[in-house]
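A.B. asks: One structure, pasted below without further comment.
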Ligand code: PHE
């Protein structure tokens, strides 16, 4: 099958392997690593969770990442057209994937706004509890600003926008994380934190909920199964090795998650706080710790900056998927497309945003953001990942795959993405659904 006419112009390619890898790491490393990973570890019994997570990452998420990048580079086109390339009616699956990602982005940017808010508060020395913050209307302001920043970066294009921003923010995030990790090494609770994070308790491996949590986290954390890697793959030059880059991005992603755990758990134990605090871990537990330690203000500034940088570079990748699709479908230029997406994201995201504000927008007592996370976040992502793995592994021919990745990789990638990944995703999603209903 011949590749369709490429929409990629010369200016719209990564300028080097390094900038591509930094952008891909920027997408992968996000709130999922620094905030969600430690809280999922906390809820799933500490170190026990690490084994299924690493397994899920290397055996399932990496092959899908490689497949997405290979299809993206080979076809050189956006998600919807890539689906449509194989069969016209698959376009619907591409549209559903884009919609799921758009909805996810709309509340991801709400949280991005919170991280920005706390970076600003810490910088100005304002001590404001998360509950007071979310009972004001400030979250709306920070949300709108975050959407605008994301949109502006995307409007500047691959080289002048995404690549420039990720080349600065991703290395800066690594430096910040290293400083925080060194600091946490000096805390009295460090040993306990390390033990909590690394001591495996093999008995919990029999519990299916651990596995389902691990798979969900692996796909979310690596940004695979949503068309992000496919979109970034279309800007990839021929000379860049897809499998090596994927391994580098994955190792970086896991390292950040583990390092974040090494920063957070020692803080939690040093101050006698509760590790299994769930999603509000960063905004309540840690804030409490920062308020009570020397240099707490500096630490909290850099911690929330890190969260903000990580969230922003992930949100940029989510927006780019829809931007690429709209540009291709409508022929609109990047600027107009970005303005349209900024407006659309504000209109949709205002609902989850208001649910954590003075308006307290809820449906049957549950905040809209939580509802979206439990529906779109929990089920949308695996559904999109099932579409992507099934369509691209069965219809993208083995020899086309072999043109993108060398040696033994094509059989490994195609076997796992054809059979194992969709099967595991179906089982995990069904079991989560059953648990949710019961
Ligand atoms: N990987 C990002 C994180 O860990 C989230 C993300 C998911 C980004 C899907 C893009 C697509 O926070």
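The values are calculated or read from the model by the stated rules, or taken from the named source; none is laboratory data. All values reported here derive from a predicted model rather than from experimental measurement. Don't worry about glycine lacking a Cβ; one is built from the backbone with ideal geometry, like all the others, and counts go over all protein chains shown.
A.B. asks: Is it the case, given these coordinates, that residue 246 is surrounded by fewer than 21 Cβ atoms within 10 Å (Cβ to Cβ) and either away from the ligand (no atom under 16 Å from the Cβ) or touching a residue at least 60 places away in the same chain (Cβ under 8 Å) (or both)?
C.D. replies: Taking the combined requirement at face value, the residue does not satisfy it.
A.B. asks: One residue is enough: does region 394-412 have a residue meeting the conditions within 24 Å of the chain's Cα centre (by Cα), on the phi < 0 side of the Ramachandran plot, assigned to a helix (DSSP H, G or I) and surrounded by 14 or more Cβ atoms within 10 Å (Cβ to Cβ)?
C.D. replies: no
A.B. asks: Of the conditions (1) over 25 Å from residue 112 (Cα atoms); (2) under 20 Å from the mean Cα position of the chain (by Cα), residue 171 fails just one. Which one is it?
C.D. replies: (1)
A.B. asks: Could you grab me the full set of residues in region 225-265 that are under 13 Å from the mean Cα position of the chain (by Cα) and farther than 20 Å from residue 49 by Cα?
C.D. replies: Selection gives 225, 226, 227, 228, 229, 249.
A.B. asks: Something else now. Anything in region 104-127 that is in contact (Cβ under 8 Å) with a residue 60 or more places away in the chain and surrounded by fewer than 18 Cβ atoms within 10 Å (Cβ to Cβ)? List them, or say none.
C.D. replies: 123, 125, 127
A.B. asks: Looking at region 147-157, is at least one residue under 30 Å from residue 75 (Cα atoms), within 16 Å of the ligand (Cβ to nearest atom) and free of Cβ contacts under 8 Å to residues at least 12 places away in the same chain?
C.D. replies: no
A.B. asks: With respect to residue 357, is the statement that it is in a helix (DSSP H, G or I) and surrounded by 16 or more Cβ atoms within 10 Å (Cβ to Cβ) true?
C.D. replies: It is false that residue 357 is in a helix (DSSP H, G or I) and surrounded by 16 or more Cβ atoms within 10 Å (Cβ to Cβ).
A.B. asks: State yes or no: is residue 265 at positive phi and away from the ligand (no atom under 16 Å from the Cβ)?
C.D. replies: For residue 265, the condition - at positive phi and away from the ligand (no atom under 16 Å from the Cβ) - is not met.
A.B. asks: A further question on this structure: Under 7 Å between Cβ atoms, at least 6 apart or on separate chains: pull out the pairs that start in region 31-58 with a residue that is on the phi > 0 side of the Ramachandran plot and end on any residue that is outside any helix (DSSP H, G or I) and surrounded by fewer than 22 Cβ atoms within 10 Å (Cβ to Cβ).
C.D. replies: These pairs meet every condition: 45/201; 46/199.
A.B. asks: From the list 54, 71, 7, 80, which one is modelled with pLDDT under 95 and either farther than 17 Å from residue 227 by Cα or crowded, with 24+ Cβ neighbours inside 10 Å (or both)?
C.D. replies: Result of the check over 54, 71, 7, 80: 54.
A.B. asks: Out of 130, 142, I need the residue that is free of Cβ contacts under 8 Å to residues at least 40 places away in the same chain and in contact with a helix residue (DSSP H, G or I) (Cβ under 7 Å, 6 or more places away or on another chain). Which one?
C.D. replies: Among 130, 142, only 142 is free of Cβ contacts under 8 Å to residues at least 40 places away in the same chain and in contact with a helix residue (DSSP H, G or I) (Cβ under 7 Å, 6 or more places away or on another chain).
A.B. asks: If I filter region 364-385 down to residues being free of Cβ contacts under 8 Å to residues at least 60 places away in the same chain and part of a helix (DSSP H, G or I), which single residue comes out as surrounded by the fewest Cβ atoms within 10 Å (Cβ to Cβ)?
C.D. replies: If we take residues in region 364-385 being free of Cβ contacts under 8 Å to residues at least 60 places away in the same chain and part of a helix (DSSP H, G or I), then 375 is surrounded by the fewest Cβ atoms within 10 Å (Cβ to Cβ).
A.B. asks: A further question on this structure: Among (1) under 30 Å from residue 325 (Cβ atoms); (2) not in a loop (DSSP other than H, G, I, E, B), where does residue 203 come up short?
C.D. replies: Condition (1) is where residue 203 drops out.
A.B. asks: If you check residue 42 against the conditions, is it more than 16 Å from the ligand (Cβ to nearest atom), assigned to a helix (DSSP H, G or I) and at pLDDT below 90?
C.D. replies: Judged against the criteria, residue 42 is a match.
A.B. asks: Residue 229: away from the ligand (no atom under 14 Å from the Cβ), surrounded by 23 or more Cβ atoms within 10 Å (Cβ to Cβ) and within 30 Å of residue 21 (Cα to Cα), yes or no?
C.D. replies: The answer is no for residue 229.
A.B. asks: Same structure, new question: Tell me yes or no: at least one residue of region 165-181 is more than 24 Å from residue 247 (Cα to Cα) and without any contact (Cβ under 8 Å) to a residue 24 or more places away in the chain.
C.D. replies: no
A.B. asks: Mind listing just one residue for me: the one in region 310-336 that is in contact (Cβ under 8 Å) with a residue 24 or more places away in the chain and away from the ligand (no atom under 12 Å from the Cβ) and, of those, surrounded by the most Cβ atoms within 10 Å (Cβ to Cβ)?
C.D. replies: Out of the qualifying residues, it is 324.
A.B. asks: Follow-up. Is it fair to say residue 93 is closer than 28 Å to residue 398 by Cα and surrounded by 24 or more Cβ atoms within 10 Å (Cβ to Cβ)?
C.D. replies: Working: closer than 28 Å to residue 398 by Cα: yes; surrounded by 24 or more Cβ atoms within 10 Å (Cβ to Cβ): no.
No.
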